[in-house]
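Notes follow the structure.
The values are calculated or read from the model by the stated rules, or taken from the named source; none is laboratory data. Bear in mind the structure is a predicted one, so any value in this text is a computation, not a measurement. Cβ sites come from the backbone with ideal geometry, for glycine too, and all protein chains shown count toward neighbours. Note: areas computed on protein heavy atoms with side chains; ligands, DNA, RNA excluded. Shrake-Rupley method; radii C 1.70, N 1.55, O 1.52, S 1.80 Å.
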Amino acid sequence: MFKMQPKIDSESLPFLLRAGRERQPLSEAVSEVREMIERQLYGCGGILFRDFQLDGAEAFRSFAASFGHPLLAYEFGSTPRSQVSSGVYTSTEYPPHQSIPLHNEQAYTRDWPMKIWFYCQQPAQQGGETPIADSRLIHRDMPAAIRNRFAEKGVMYVRNYGAGLDVDWRQVFGTDSKAEVEAYCATHSIVCEWKEGDELRTRQVCQGTAVHPVTGDVVWFNQAHLFHVSSLASDVRESLLDIVGDPLELPRNAFYGDGSPIDDETLTTVRGVLDRHKIVFPWQAGDVVMLDNMLTAHAREPFKGPRRVIVAMAQAHGLH
C-alpha cells in the first residue's frame, strides 16, 4: 500500500509516508488510512508524502479538501501571494535571496488555519527548502521569563498599509470598500484608523502562546520576531525611521499587548531558540507536506533557479 518511515534524516519530524508502488495516486493511498494520518499529525505535527502521483494544482486542491474542511481564503494576509485556484495559493512571493524565518501561519491574528499543506511542483536548483520545527519544543525551550511575559501580555501588531512601503490595504482585505474593511475589523477585534492620503493603520492584540484545542499542548504562537522593527537590516531600519519618524508609523511593528515596547535583545533570544529547533530537508518534485499549523512552524530558505511551491489551508480556528 505504502511505506512508513517514522523519521526523515534522523529528525523528530516530519513523519514520512512513501508510495508503495510506482505512480500510486496520493488520494487513493490516503483515503485508506486517514485516521492514522490524523493521529500521526497530532503526534509529531507534520507528515511528508513522497513518491506519490499528484497531477497539478487541481489534484492538490482536491487532496487537501478531502480531509473534510473547506479550504480557506488568504484573508488579512501579511505577505504577497497569488491565487492559483480556489483555496490554493503560491507560497510567499519574496525575492529568492531572502529567507523567511520560522513561523506559524497567521499567528499574527486571532484566527488561523489548523491545517496547512505545501506541494512542491518544482524544487529549486539550489536551496529553497521549507524548514519546519516543533512549536511545543520551542515553547519549552524559551527562557521562562520571556515565555511568561508573552503568555501574560500577548502581542500587539501595528500595521500601516501602502504608501509604497508595504502591501496595500485593498490587497490585504480583498476589497476597495472602506466600509467592508471596517466591518471585517469590527468582527475580528482589530482597531482600524484611516489616515491622510487614503492610508490605513490597524492594531490588533493577539496571543503570545496558545493551547492546542485537541492535544492540550501549549505552543509558542506569535510572529513578533517577524513584525518587530528588529527584523529589518540596520540600514533599512534607520532609513525607514528617518522617513516615517515614529515607530508607530512603520509599515509593521510589534509591541507587547499593553503597548509597551519589546526590546531587541528579547527577540534576539527568541530567534536563537527558533533556529535551534529548525529541521531542514530537501524538496523532491511531487512532495506534499501536511502540517498541524499550531504544533509545527515553517520557514523558507533562500534559493537559486526556478521554484514552485503552492499552499492550501483549512480548518479555521480562533482565539475565542
Restrict the check to region 96-107 and report whether at least one residue is over 30 Å from Met156 (Cβ atoms), out of contact with any Ser or Thr (no Cβ under 8 Å at 6 or more places or on another chain) and among the polar types (S, T, N, Q). no
Check Leu291 against each of (1) in contact with a strand residue (DSSP E or B) (Cβ under 6 Å, 6 or more places away or on another chain); (2) of a type in the set (A, V, I, L, M); (3) assigned to a helix (DSSP H, G or I) and name the one condition it does not meet. (3)
Please find, among Ala145, Ala151, Ala107, Ala133, the residue that is free of Cβ contacts under 8 Å to residues at least 40 places away in the same chain and of a type in the set (Gly, Ala, Ser). Ala145
Index of the failed condition, Ser78 passing every other in (1) farther than 30 Å from Cys192 by Cα; (2) out of contact with any strand residue (DSSP E or B) (no Cβ under 6 Å at 6 or more places or on another chain); (3) surrounded by 19 or more Cβ atoms within 10 Å (Cβ to Cβ); (4) modelled with pLDDT under 95: (1)
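Only one of Ala65, Ala124, Ala133, Ala107 is over 14 Å from the mean Cα position of the chain (by Cα) and modelled with pLDDT of 95 or more. Can you tell me which?
Ala124
Does Phe76 satisfy the criteria of being in contact with a helix residue (DSSP H, G or I) (Cβ under 8 Å, 6 or more places away or on another chain) and over 30 Å from Thr269 (Cβ atoms)? Give the steps one after another, and end with the answer.
On the way: in contact with a helix residue (DSSP H, G or I) (Cβ under 8 Å, 6 or more places away or on another chain): yes; over 30 Å from Thr269 (Cβ atoms): no.
It is false that Phe76 is in contact with a helix residue (DSSP H, G or I) (Cβ under 8 Å, 6 or more places away or on another chain) and over 30 Å from Thr269 (Cβ atoms).
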Contacts under 7 angstrom Cβ, first residue in region 20-41 being within 15 Å of Leu54 (Cβ to Cβ), partner of a type in the set (A, V, I, L, M) and in a helix (DSSP H, G or I), 6 or more apart: Val30/Ile37
Identify, by number, the condition in (1) open to solvent by 10 Å² or more (accessible area, probe 1.4 Å); (2) at pLDDT below 95 that Leu200 doesn't meet. (1)
Among residues of region 16-74, those that are of a type in the set (Gly, Ala, Ser) and closer than 22 Å to Ser135 by Cα, counted: 3
Taking only region 179-194 into account, find how many residues are in contact (Cβ under 8 Å) with a residue 12 or more places away in the chain and not in a loop (DSSP other than H, G, I, E, B). 5
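Just checking, does region 222-237 include any residue being part of a helix (DSSP H, G or I), buried (at least 18 other Cβ atoms within 10 Å of the Cβ) and of a type in the set (D, E, K, R)? Before the answer, list the steps.
Restricting attention to region 222-237, the residues satisfying the condition of being part of a helix (DSSP H, G or I) are 224-227, 229-231, 234-237.
Filter again for buried (at least 18 other Cβ atoms within 10 Å of the Cβ), leaving 224-227, 229-231.
If we keep only those that are of a type in the set (D, E, K, R) as well, we get none.
No, region 222-237 contains no residue that is part of a helix (DSSP H, G or I), buried (at least 18 other Cβ atoms within 10 Å of the Cβ) and of a type in the set (D, E, K, R).
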